[in-house]
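Before any comments, here is the structure.
The values are calculated or read from the model by the stated rules, or taken from the named source; none is laboratory data. Fair warning: this is a prediction, and the values are worked out from it, not measured in the lab. Here the Cβ positions follow ideal geometry from the backbone for every residue, glycine too, while neighbour counts run over all protein chains shown.
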Amino acid sequence: MMLYLVGDLGYIGKDIVIDILASQGYNIKSNYNDCGVMIFDKDKQDTHSGGSGCACCATVFSGYIFKKLKEKKLKRVLLIATGALMNSTSAQQGESIPGIAHAISIEI
């Protein structure tokens with residue numbers, strides 16, 4: 001099984017990724033998830049868009065995903081640590097917020 005994981009696009013970002021890829025003919029819904037969505041509970045925590053994509057990826061991979069790889073329940077994982085490059089005043093000044101993503105392919 002192949003698993004696609006992104007950092008923390010949150011619930012809204014997760015749905016956007018699914019919709020964009022579906023419009024291009026790719027259905028990844030059954031093997032795609034968002035690490036922030038896996039960690040945070042939007043109904044019990046005031047997370048808004050979640051936390052650091054890189055930190056969410058590291059947390060989910062080092063705990064849950066690595067164990068699944070060792071148990072051979074997963075064979076391939078594409079881990080995409082997403083993030084925003086900004087400072088504390090970027091949004092207040094109406095500037096765009098550039099994004100960054102580091103993709104790591106893990107296969108056993």
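Per-structure values
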| item | result |
| --- | --- |
| Of all residues making up the stretch 15-37, the number that are part of a helix (DSSP H, G or I), modelled with pLDDT of 90 or more and either of a type outside the set (A, V, I, L, M, F, W, C) or surrounded by fewer than 15 Cβ atoms within 10 Å (Cβ to Cβ) (or both) | 9 |
| Residue under evaluation THR47, criteria (1) in contact with a helix residue (DSSP H, G or I) (Cβ under 9 Å, 6 or more places away or on another chain); (2) touching a residue at least 40 places away in the same chain (Cβ under 8 Å); (3) not charged (D, E, K, R), criterion not met | (2) |
| Members of the stretch 42-93 found to be under 16 Å from GLU107 (Cα atoms) and charged (D, E, K, R), listed by number | LYS67, LYS68, LYS70, GLU71, LYS72, LYS73, LYS75, ARG76 |
| Among (1) farther than 18 Å from GLY10 by Cα; (2) touching a residue at least 40 places away in the same chain (Cβ under 8 Å); (3) surrounded by 12 or more Cβ atoms within 10 Å (Cβ to Cβ), the one test that THR82 misses | (1) |
| Yes/no for LEU69 being surrounded by 17 or more Cβ atoms within 10 Å (Cβ to Cβ), assigned to a loop (DSSP other than H, G, I, E, B) and of a type outside the set (Asp, Glu) | no |
